[in-house]
Amino acid sequence: MTNVILVVMDTARYDSVLDTQADLPTFETIQDRGVTYTSAFASAPWTLPSHAGLFSGQYSSRHGASAAAKRFPEHTSTVVEAFEDASYETVAISNNTWISDEFGFARGFDTFRKNWQYIQSDVDLGKIAREQEGFDKIRGITKQLFNGNPIVNAANTVYGQFVRKRANDDGAKSTNRWVSDWLDDRNDSDPFFLFINYLEPHLEYRPPKEYTEEYLPEDVSYTQAMGVTQDAWSYIANDVEITDRDFEILEALYHAEIAYLDEQIGELRRLLEEAGEWEDTIFVVTGDHGENIGDHGLMDHQYSLNDTLVHVPLVIHGGAFTGGKTVDELVQLTDIAPTLLDAAKIDTEEFEEESQGRSFHPDTETEPREYVFSEYMAPQPSMEALEKRVGDLSASVCEYDRSLRAIRSHDWKLIRGSDGSRELYNIAEDSDELENLALERPEKVSELENELDAWLDSFEHASTTEDADMSDSTKDRLENLGYLQ
């Protein structure tokens, strides 16, 4: 039976990986021997709903996970459960707090590692350690140390505050060390499904110095680069100025993160080869969404459905995915789940009935997509959360208080807002989406709106408003990642 590995490079946009001048030897090798998909699109522009779509094969309107309901619903069938039912060992290593049991992503996994903890525990003392000072800090930590296993809690506190937080690595090295030990100890007779979320490209950009200098402008040092503000929300709220030069430096840091992660994924491949598993493995590498680094007047990955956020890299190696081929047909991350089940020859009626994905396995005869769709169901952070962080918001910032849906073909793209806004781009001639043609081409707007509405009418929408019951420590960690609550 075939092993399956699904690697998500969190926040990796397409042009940072598959249309870049950066030196990415791991990707180049996998591309030379696997299959590269140049028109792969996420169903949502940020982590929670995009991963929900990746695991379920469903769009946000169907599975219901969004900023308005911050939990992947328990009743939604997942590809992980399908592999578990087929007697696969199922293992996850997450470096992003959104992808955890707290938000509904652990079901179906035999092992789920939250890699921001040194020892797996439900207690996190990070909030106290970061927010309290002096005697209050000592008293707070002392109290919480004995809520559960005090030794475990103390170890996690030290790890979070004095090791991981100060390292130029968001968990990739420790992820690979854990995988190495797991490969040494596992039962070789069982196939496995392994999911990894690597966080390195995500804000805050803190690449190792040795990966950074070749991308920086010649007159900018690493120390200077690390001093450039990375406060996305203050920039969006017009409370801080970030110049074109600053964005050039931030882009360099971002590309350095990608280069560093390329090496870590190469190390993962080496571990699989040494364990004798590489040749029997379907190996998928993709991004859950992209990033705005000053693009469209934005930073981070919210408030937009431009291609900078939804066009993602996708490369697959193993099984039928060989030969160094490049495929330009439109595919979605929602299509990966049924594709992997086809690759593993797993039939599951329940998942197939619920999934909206289309298998693009080379041996299937699925019709190519004419359109792909992306949804941004609610702003994250909300205007209330953003205002709490930066103060009073201008009218221009409050325009982001809306939901968005997008429909895209190879040549055209329409983004429709709940506020009545329409953005139309001729992608074939304006790939950067700089010229809104909505007023000039009303017939094309109408055509794409009709297709979008027909798609929305073709399936049942989620009615859930379920929110995760987040602990204070989880909220604190998410805010450290830039997700205001």
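Among the GluC sites (Glu not before Pro) in segment 408-450, which ones are in a DSSP loop with at most 14 other Cβ atoms within 10 Å of the Cβ? Mind listing them?
GLU429, GLU435, GLU440
Go through segment 39-47 residue by residue and turn each phi into a ³J(HN,Hα) via Karplus (6.51, -1.76, 1.60, θ = phi - 60°); whole Hz please, and just put x for glycine and proline.
10, 9, 9, 6, 7, 7, x, 8, 4
Can you give me the Rg/Rh ratio for segment 296-361, using Cα atoms for both radii and the Kirkwood formula for Rh?
1.07
Taking the DSSP beta bridges in the chain as the whole, what percent of them are antiparallel, to the nearest 5?
50 percent
In square angstrom, rounded to the nearest 10, how much accessible surface does THR366 have for a 1.4 Å probe?
60 Å²
Grab the eigenvalues of the alpha-carbon gyration tensor for segment 281-331, scale each by 5, take roots, and send me the semi-axes largest first in whole angstrom.
29, 11, 8
Leaving out ligands and nucleic acids, and using a 1.4 Å probe, what accessible area per residue does segment 276-431 come to in Å²?
39 Å²
How large is the dipole of the chain about the Cα centre if only Lys and Arg carry +1 and Asp and Glu carry -1, each at its Cβ, rounded to the nearest 20 debye?
So the dipole magnitude of the chain works out to roughly 1660 debye.
Report, to the nearest whole %, how much of the accessible area of segment 177-237 belongs to carbon and sulfur atoms, 1.4 Å probe, protein only.
39 percent
So what's the projected area for segment 163-301, the Cα convex hull averaged over all directions, in nm²?
9.9 nm²
Among LYS325/LYS345; LYS70/LYS114; LYS173/LYS475; LYS70/LYS444, which pairs are too far apart, with a Cα-Cα distance over 28 Å?
LYS70/LYS444
On the protein heavy atoms, probe 1.4 angstrom, tell me the percent of accessible surface of segment 32-99 carried by carbon and sulfur.
Its accessible area is 38 percent carbon and sulfur atoms.
Output the Kirkwood hydrodynamic radius of segment 27-70, Cα pairs only, in Å rounded to one decimal.
After inverting the pairwise mean of 1/r, the radius is 11.9 Å.
Could you give the Stokes-Einstein D for the chain in µm² per second, using the C-alpha Kirkwood radius, 20 °C, 1.002 mPa s?
93 µm²/s
Return the carbon/sulfur percentage of the accessible area of segment 368-429, one whole number, probe 1.4 Å, all protein chains in place.
41 percent
On average, how much accessible surface per residue is there in segment 1-49, in Å², for a 1.4 Å probe, leaving out ligands, DNA and RNA?
29 Å²
The values are calculated or read from the model by the stated rules, or taken from the named source; none is laboratory data. If you're wondering where the values come from, they're calculated on a predicted model, not measured in any experiment. Note that we place each Cβ from the backbone using ideal geometry, even for glycine, and neighbour counts take in every protein chain shown. Side chains included, ligands, DNA and RNA excluded: accessible areas come from the protein's heavy atoms. Shrake-Rupley method; radii C 1.70, N 1.55, O 1.52, S 1.80 Å.
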